[in-house]
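Remarks on the structure that follows.
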Amino acid sequence: MFQSMKIRDKLLLPVVLLIFTMIASSYLLVQQLTQANSAFEGLIRTQLQARYLAKDITAQLSEAGRVANLMLLQHERADYKMTSERLQGVLDLIPPRRDELTGLDPEAVAAIEKVTAAHNAMTGALKPTLDLKNANDFDGATAYWAANARSSLVPALTAMGETADRAAKRANESVINQIASTNERIRYLVIALGLGILVVSGLALLIILRGVVAPLNELTNKIKLLSSGNGNFEVPQATRGDELGAMGKALLIFKGNAEKIRIAMTAEAVTIEIGDVITKAAENDLTVRVDLSDKTGFLKNIGVAINQLLERSNATLRDINLKTRQVASAVAEASTAVGQVSVGARSQNTAVAQVSQALAESALAIRAVSGSANKASEKGITAAHLVERGQMSAEELFNIVEKITQNSRKISQITQVIAGIANRTHILSLNAAIEAARAGEHGKGFVVVSQEVGKLAESAAQNAQQITDIVEQATADAAAGRTASLEVKKTMDSIAGEVSQTSQMIQSIAVAMEEQQAMVTQIEGNLGDIRGIASGNAVAAEEITATMIQLSQLATEQRQQVETFKTS
Amino acid sequence: MGTPQDALTRIACLVEARYGLSPAVLEQRLCGYLGRSSAHDQAQLADQLSVAHEDHPLWQALIEGLLVHETYFYRHMDQLDVVTQEVLPLLRRQNPGGISAWCAGCATGEEAYTLAFMMRDAGLSARVIGTDLSARSIASARLGSFGQTPGLNSFRAMPAVAWSKFSAIPGRPAVWSVAADIRASVEFMVHNLVLPLPDARRMNLISCRNTLIYFSAEGQRRVEENIVASSGPGTILLLGPAERLRYTNVFEPLSYSHPQILHWPEHKAR
C-alpha cells in the first residue's frame, strides 16, 4: 500500500506532519508562555500590592505621627480639635489597609501587630490627650502622648518599612524565580518540541528515503548500468503503483531497447572486428583469425566462414609456396641437367666431327692398307720362294750337325785313349820317383825328371778331361743343333704352308678393304645425319635451357609474391 | 690484355648493349663459340668487336654463333589451336581489310610460314613479316626450303594435312619447298628487336615466342617497347610458354585458360 502512494503524497505526508508538529508545538509554547505569564502577573501583583500597602501604612503612620506632633504643638482648642479630627481621619485609614495587607502577606503578622499596637495606642491616647489639652494641661498632654502613643509608632514604622522592603525583595525574587522557571520550562518544551520535530522529520526523511530516494537510487543505478551497456538486471520496481513503478516500467522498455541497441552495437563491434581481420588479410596477413569465443548467432557463422576462408587461403598459399619452391628447385635442377645435355650435345657434335674426320682419315688409311695388301700379296709369293730355299738350307744344316755329332763321338774315343796314356804315365812317374829315392844321392836328378813326368801326366790327364768336357758339350750342342735344325725344318715347312695361306688372306684383305672403303663412305653420310641430329639436340637443349632460366625466374617471382602473404 | 674470363665478359657486355641479349643465357653458347682460343685471341676479338660496325663479318659470325635457332613448323600446337579457333575469327571480324602479322625472332622462318599457313587455311588475307637478327637465317627463310633430316627437324610436329603446303625439290630428296604463293605472302628481313621495326604498319597479330627468354632485363624492356610501338588496340600477342611481359601493361590475357595469348583491349590507352 505504501508503495502505491504517489511520490507527491509521500512528500506531502511528512510536510503536513511537520507543519502539524510545528503548529502544535507553537500552540504548546504559546500556551505555556501565557500560563507562566499569568502566574507571574498574579505573583507580581500580590507582592507589589503588599509593598504598596506597607508603604502606604508607613506613610499613614508617619502622617499620623506628624499630625499628632502638630496637634500637640497647638494650643487653640479649635486648632487641635481640627487637627485631632484629621489625626482621627488618618488613623481611620490604616485599619482597612492593614487588613488588606494581612490578607496579602501572611508573614507580616508581627509587623501588622505592631501597626495595630501603634494604631491602638494612638487611637487610645488621643482622647486622654485631648482631655488633657482641654484641661489646658498641654505639657501633660504632650507627655501623655509621648508616653502612650509615640513609643509604639517607631517600631510600627520600622516593621512596615521592613515589610515593604521584604515585599519588594520577594517580588524581585519571584520575578527572578519565575523567569528562571519559565526559561526552564520553555527550554524543556523547546527541547521536547525539537525532539518531536526531529522524530517527525526523521520519519519524514525515512519516508522520503525509503519510499522515494532508495527506489530512485536503485532506478538511477540501473539506468547507469544501462547507460554503460549492462542490461543484466531485474526491475522489481516496475510492479509498484507509484511514479517509480511507471519509471520502472519505462526502464524496462529502455532495457529492452538497450538490449536491442547492445545487440546492434555488439554486431557493429563484431562487424568492425571482422572488418579488421579482413583488412589485415587484405594486407596479406593470413595468420589473423576472428575470435569466435565471444560471438554468437549469424556473426559467429560469418566469423567461422571467414576463418575457414583464411585457413584455406593460408593452407593453399603455404602449399603453393612449397610447390613453387619445389618447382623452382626442380627447374633449377632440370636447367642444370639440360645445360649439361646442351654441353654434352655440343661436345657430341664436336666428337662426331672428330669421328667424321677420323673416318675420312681411316678411309685414306684403308686405301693405303689396300695398296699395301696388294704389295704384301706379291711379297708373300717372294717369301714362298725364299722359304723353299730356307727349307733346303735347313736340311743341309741338319746334315752338317749330324756330321759334327759323329766327329765328336770320334774325338771322345781319342780323348779316352789320351786319358789312359796319361794315367799310365802318371803311374810310371810314381814308380820312377820310388826308384829315384832308392838310388839316393844318384837318383836326385831323376827325381826331378820323374816329378816333371808326373806333372806332365797330370796335365795331360787334365787336358784330356777338358777335351772330354768340351767334346761332351759339343755333343750335347750338336744334339740340340740337330733338334733345332729339325725344328727349323719343321718350321720352314709350316712357314711355307702359312706363307701361301697369308698370301691368300692378303688378297682377301685387299678385297675386304675395298668393301670397307664403301662402308666408310656410307658411315660418313650417316655421321652427317648424326651431326645434324646432335646439332638439333644442342639447339633444342639450349632453347630449353633459356626457357628453364625464364621458368626459374618466374618461379622465384611467384614465390616472392606468395611470400608477401604472412602464413603460419 | 686480360684473362679469358675478362674477354668473355667484355664480349657478353658488348652483345647485351648492342642486341639486348642476356649474358647469363648466352654464356655457354659464347664459351662454345670462343672454344679453346687463346686469351690473347679472345681479348683481340673483344677489342675488334668494340669498334667494329654491326655489318662487320666478326659481328655477323658472332651473332650466328650465339643465336639459338630452335624452330619448327606448328610449334606449340595447343596455342595455335586456340589461335585458329578463337583468335583468327576475331581478327577477321575486326580487320575485314586484311591482317598484318609479325613474327618477331623468326629464325629460319618456320613459325612465320606456319602463321601464313594458318591464315591461308582460315581464308584470311594476310601479310606476314618475319624478322630475325641472323642474316643467314633470314636468307634461309627467304629460300623457303626445309630438309627433313633425321632427328629434330623442322617437320617434327607438323600435322599431316600441312604437307599440302610443300612441294618436293627435284634432285634433292628429303628437302621440301614452301609453296610459292605462300612464300610470296611472307616477307623476311633482318631486324634487331631492341630497335623499332622499320615497317610502320600497325600489326594485328604479333608472334614473339621463345624469343624474350634470350633477352636481359633491359633488352626485354626495349623489345616490349618496340612491340607496343608496332601494336594498337585489338592487337593479339603470342608469347612462349615461359615468357611474360614485365614492362608494359597494355596487353592482357585474352582468356585465363591461355595466358600466353594476350590482346590489347580496345578501350585501353597506350
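The values are calculated or read from the model by the stated rules, or taken from the named source; none is laboratory data. Just so it is clear, the structure is predicted and the values come from calculations on it, not from any experiment. Ideal geometry is used to build each Cβ from the backbone, glycine not excepted, and the neighbour counts take in all protein chains shown. To get the accessible areas, we keep the full protein, side chains included, count just its heavy atoms, and leave off ligands, DNA and RNA. Shrake-Rupley method; radii C 1.70, N 1.55, O 1.52, S 1.80 Å.
Structure summary
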read-out: Value of [θ]222 nm, deg cm²/dmol, for chain A, DSSP H segments ≥ 4, -39500 (n - 2.57) each, nearest 500; value: -33500 deg cm²/dmol
read-out: Rounded percent of accessible protein surface that carbon and sulfur make up, the stretch A:7-219, 1.4 Å probe; value: 64
read-out: Environment charge of A:Gly231, counting only residues whose C-beta is closer than 11 Å and scoring Lys/Arg +1, Asp/Glu -1; value: +2
read-out: Whole-percent carbon and sulfur share, accessible surface of the stretch B:77-263, 1.4 Å; value: 55
read-out: Helical contribution to [θ] at 222 nm, DSSP H n ≥ 4, -39,500 (n - 2.57), averaged over chain B, rounded to 500; value: -11500 deg cm²/dmol
read-out: Span-like helix ranges in chain A, DSSP H, alpha carbon extent 24 angstrom or more, Kyte mean at least 0.5; value: A:7-73, A:151-208, A:243-282
read-out: Contact order normalised by residue count of chain B, Cα under 8 Å, 6+ apart, percent; value: 18
read-out: Accessible area (Å², 1.4 Å probe, nearest 10) - A:Thr83; value: 10
read-out: Pairwise centroid distance, computed over Cα atoms, of the stretch B:207-231 with the stretch A:498-543, Å; value: 47
read-out: For the protein assembly as shown: accessible area per residue (Å², 1.4 Å); value: 54
read-out: Label point distance in nm, A:Ser568-A:Val175, each placed 7 Å from Cα along Cα→Cβ; value: 10.4
read-out: Loss of accessible area when B meets A, both sides summed, Å² nearest 100, probe 1.4 Å; value: 1800
read-out: Euclidean distance of C-alpha centroids, the stretch A:319-373 and the stretch A:205-279, integer Å; value: 89
read-out: Options B:Ser140, B:Tyr74, B:Cys208, ranked by Cα towards positive dipole end of chain B, top entry (Cβ charges); value: B:Tyr74
read-out: Estimated inter-spin distance, A:Gln517 and A:Lys127, nm [label 7 Å along Cα→Cβ]; value: 23.2
read-out: Ranked order, A:Ser568, A:Ser429 - accessible area, probe 1.4 Å, largest first; value: A:Ser568, A:Ser429
read-out: Ranking by accessible area, most exposed first, for A:Tyr188, B:Tyr256 with a 1.4 Å probe; value: B:Tyr256, A:Tyr188
read-out: Cα-Cα over 27 Å, subset of A:Lys10/A:Lys260; A:Lys280/A:Lys300; A:Lys260/A:Lys300; A:Lys6/A:Lys255; A:Lys403/A:Lys489; value: A:Lys10/A:Lys260
read-out: FRET E, pair A:Ala110, A:Glu184, Förster distance 45 Å, beta-carbon r, rounded to 0.05; value: 0.85
read-out: Rounded to the nearest 20 debye, dipole of the protein assembly as shown from Cβ charges on Lys, Arg, Asp, Glu; value: 2380
read-out: Net lengthening on full extension, B:Ala52/B:Ser125 (0.36 nm per residue, minus Cα-Cα); value: 22.1 nm
read-out: Calculated FRET value between A:Ser494 and A:Lys375, using beta carbons and R₀ = 25 Å, to 0.05; value: 0.60
read-out: Unpartnered cysteines - no second Cys beta carbon under 4.7 Å - across chain B; value: B:Cys13, B:Cys31, B:Cys208
read-out: Those residues of the stretch B:240-263 for which accessible area with every protein chain present is at least 20 Å² below the isolated value (1.4 Å probe); value: B:Ala242, B:Arg244, B:Arg246
read-out: Share antiparallel - DSSP beta bridges, the stretch B:77-263, percent rounded to 5; value: 40
read-out: Modelled FRET efficiency - R0 60 Å, A:Asn217 with B:Glu266, Cβ distances, 0.05 increments; value: 0.20
read-out: Centre separation in Å (Cα based) which lies between the stretch A:374-396 and the stretch A:1-36; value: 177
read-out: The protein assembly as shown: antiparallel DSSP beta bridges as a percent of all, rounded to 5; value: 40
read-out: Probe 1.4 Å, all protein chains present, accessible-area order of B:Leu30, A:Leu132, largest first; value: A:Leu132, B:Leu30
read-out: Solvent accessible area, Å² - B:Val51, 1.4 Å probe, full protein context; value: 120
read-out: Inter-label distance for A:Ala358 and A:Ala246, nm, one decimal - labels placed 7 Å from Cα along Cα-to-Cβ; value: 12.1
read-out: Cα-based helix-to-principal-axis angle, B:23-34 vs chain B, degrees rounded to 10; value: 60
read-out: Residue-span extension gain [A:Leu198 to A:Lys260] - 0.36 nm each, minus C-alpha spacing; value: 17.5 nm
read-out: Anisotropy class of the stretch B:4-66 from Cα gyration tensor, a/c 1.5 cut; value: rounded
